[in-house]
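Readers should treat all values here as calculations from the given coordinates under stated rules, not as data from a laboratory. Keep in mind that this is a model prediction, so the values were computed, not measured. Neighbour counts run over all protein chains shown; Cβ positions are idealised from the backbone, glycine included.
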Amino acid sequence: MVASKKNMNKKIIQTESAPAAIGPYSQAVAAAEMVFTAGQIPVDPATGKMIAGGITEQTRQVLQNLEAVLTASGAALESVIKTTVYLQDMTEFAAMNQVYAEFFTQNPPARSTVEVAGLPLLARVEIEAIALRQ
């Protein structure tokens, strides 16, 4: 017996409130009630340029960009179930974590944090998320 394939509606998410993709990928993809975001880096969506500052400022911009993409998809920070944080330098974990805690104040999502050799545009942090649409 051959199982029938269920039609999974896939919706590409695009918003000007977050930086445009810098390659052949989407800001996010929604499939049924799930949203999968691309990694967000600290680019100002108004200028398309990396913001000035260190890990604190960069983390704040990344999370603002992530929030904009989630909002455009019908999700929100409160509906995030998993994040992956990529740090260029793990010694900046505590400073990143302090800003992260400002955005995820209650019932924070599951999270993985990894140190990487490099990030696009020499960013210090990149964050991606999986969320539920509201």
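When we measure straight from the Cα of Lys11, which aspartates and glutamates land under 14 angstrom away, once same-chain ones fewer than 8 places off are left out?
Within reach: Glu33.
Just flag the trypsin sites (Lys or Arg not before Pro) in the stretch 4-70 sitting in loop per DSSP whose Cβ has no more than 13 other Cβ atoms within 10 Å.
Listed in order of number, the matching sites are Lys5, Lys6.
Could you rank the peptides 100-111, 32-43 by their average count of other C-beta atoms within 10 Å per residue, with the highest value first?
Most protected by this proxy first, the peptides run 32-43, 100-111.
Give the percent of DSSP beta bridges with both residues in the stretch 1-118 that are antiparallel, rounded to the nearest 5.
So the antiparallel bridges amount to about 60 percent of the total.
By how many degrees, between 0 and 90 and to the nearest 10, does the Cα long axis of helix 55-73 differ from the longest principal axis of the chain?
Helix 55-73 sits roughly 20 degrees off the main axis of the chain.
For Arg133, Arg124, which order do you get if you count the other beta carbons within 10 Å of each Cβ and list the fewest first?
Arg133, Arg124
Set the Förster radius R0 to 35 Å, insert the Cβ-Cβ distance between Asp89 and Met34 as r into 1/(1 + (r/R0)^6), and round the FRET efficiency to 0.05.
Calculated value: 0.65.
Scan (1) 116; (2) 130; (3) 108 for the value of volume of the Cα convex hull per residue in Å³ calculated from this model and give just the label.
(2)
Helix 93-103: angle to the longest alpha-carbon principal axis of the chain, degrees 0 to 90, nearest 10?
60 degrees
Expected output is a single nm value to one decimal: the length gained when fully extending between Leu122 and Asp44, i.e. 0.36 nm times separation in residues minus the C-alpha distance. What is it? Provide the component values of the computation, followed by the final result.
Details: separation 78, 0.36 × 78 = 28.08 nm, distance 1.44 nm.
Fully extending the segment from Leu122 to Asp44 adds 26.6 nm.
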